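Structure, as structure tokens:
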């Protein structure tokens with residue numbers, strides 16, 4: 001087992017808290033990375049195979065994401081061990097137990113992430129009164145329902161496609177992970193004229209070169225079925241989506257799905273990272289050498305946390321939608337411009353943008369370098 005301080009650097013993390021309540025089968029990790037700008041907002045990710053290292057990496061991504069979006073929040077994350085498809089009473093017990101265990105950690109604000117949703121956040125609010133991504137009935141802006149993250153991904157795509165020399169109209173899109181983020185990204189891009197030719201979930205890949213009927217696929221997914229149940233098209237394993245030739249490739253599932261061993265199979269002109277930390281550093285370096293633009297996760301997928309921050313400040317859904325479009329487009333342009341001018345990875349440009357804001361905020365605090 002690695003020491004928690006193996007993750008430490010001059011930005012954080014400020015706290016790593018392990019939560020264990022064997023009586024209800026609760027195991028979780030909270031990482032509060034950096035709160036120089038304000039209390040951390042970060043989602044609760046639920047999966048059987050999460051880890052402290054994954055939680056730290058996701059928390060750091062949230063630190064960068066919130067700073068890059070110029071939000072008044074730092075970065076944090078919770079990983080909750082368990083199958084998100086478990087019976088509702090069991091899931092509710094774990095989520096409520098987690099909220100109770102972290103009741104006094106005031107510099108972390110709960111939000112939804114993979115495996116949790118607005119209902120989970122309603123349970124958290126009921127327990128401790130501190131959550132975003134709440135149901136509309138509780139005064140929230142239901143970010144998954146309105147597709148906040150996918151809305152941002154589509155705007156990043158419009159800016160990045162122009163930088164790559166092509167229009168969204170007619171552009172072929174492949175999506176790895178047809179869940180909340182992937183589905184909304186598909187629809188918003190399609191509204192701009194793009195053609196979704198491939199979609200994958202945990203069971204397989206659907207490829208339809210003439211374009212997938214997204215409405216029909218949505219019905220299947222709402223029924224709990226797979227992309228493989230779609231009538232027509234070609235089918236393959238979950239990993240086959242990497243091989244689909246397209247103009248835009250969107251990872252919208254788990255971390256590290258593209259790495260040095262499979263990145264060479266990608267045949268695309270642009271990557272929009274809808275998931276958090278979906279590519280390894282080596283994979284991004286490979287694409288950079290090949291001239292493929294890769295818009296980093298905390299730039300492209302910031303729509304969800306922007307929405308959560310607007311909600312937390314008491315703003316409206318209309319304000320959130322406008323803020324997402326403005327901030328994501330502005331940051332995508334800035335990152336592409338800097339990366340091109342300095343011949344560096346887009347991620348390096350994005351980290352520089354975020355870190356400058358974080359260090360400025362840190363300079364005003366006690367025990368911080370001037």
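Taking the condition more than 18 Å from the chain's Cα centre (by Cα) and in contact (Cβ under 8 Å) with a residue 24 or more places away in the chain, does residue 273 pass? Before you say what the answer is, go through the steps one by one.
Values: more than 18 Å from the chain's Cα centre (by Cα): no; in contact (Cβ under 8 Å) with a residue 24 or more places away in the chain: yes.
Taking the combined requirement at face value, the residue does not satisfy it.
Does at least one position in the range 318-327 carry a residue that is free of Cβ contacts under 8 Å to residues at least 60 places away in the same chain, within 24 Å of residue 289 (Cα to Cα), in the same structural domain as residue 154 (by TED's automatic domain parsing) and in contact with a helix residue (DSSP H, G or I) (Cβ under 9 Å, 6 or more places away or on another chain)? Working first, answer last.
At the first step, the residues of the range 318-327 found to be free of Cβ contacts under 8 Å to residues at least 60 places away in the same chain are 318-319, 322-323, 326.
Checking the rest, the ones that are also within 24 Å of residue 289 (Cα to Cα) come to none.
Within the range 318-327, not a single residue is free of Cβ contacts under 8 Å to residues at least 60 places away in the same chain, within 24 Å of residue 289 (Cα to Cα), in the same structural domain as residue 154 (by TED's automatic domain parsing) and in contact with a helix residue (DSSP H, G or I) (Cβ under 9 Å, 6 or more places away or on another chain).
Just wondering, is there one or more residues in the range 284-295 that are without any contact (Cβ under 8 Å) to a residue 12 or more places away in the chain, assigned by TED's automatic domain parsing to the domain that holds residue 248 and in a helix (DSSP H, G or I)?
Yes, some residue in the range 284-295 is without any contact (Cβ under 8 Å) to a residue 12 or more places away in the chain, assigned by TED's automatic domain parsing to the domain that holds residue 248 and in a helix (DSSP H, G or I).
Being under 20 Å from residue 178 (Cβ atoms) and either more than 13 Å from the chain's Cα centre (by Cα) or modelled with pLDDT of 95 or more (or both): is that true of residue 117 here?
So residue 117 passes the test.
Those residues that are in contact with a strand residue (DSSP E or B) (Cβ under 6 Å, 6 or more places away or on another chain) and surrounded by fewer than 18 Cβ atoms within 10 Å (Cβ to Cβ), I need them from the range 267-303; list them, please.
267
Identify, by number, the condition in (1) over 21 Å from the mean Cα position of the chain (by Cα); (2) free of Cβ contacts under 8 Å to residues at least 60 places away in the same chain; (3) closer than 22 Å to residue 276 by Cβ that residue 231 doesn't meet.
Among (1) over 21 Å from the mean Cα position of the chain (by Cα); (2) free of Cβ contacts under 8 Å to residues at least 60 places away in the same chain; (3) closer than 22 Å to residue 276 by Cβ, the lone unmet condition for residue 231 is (3).
The values are calculated or read from the model by the stated rules, or taken from the named source; none is laboratory data. Predicted model only: the values in this text are computed from it and were never measured. All Cβ positions, even for glycine, are placed from backbone atoms using ideal geometry, and neighbour counts span all protein chains on display.
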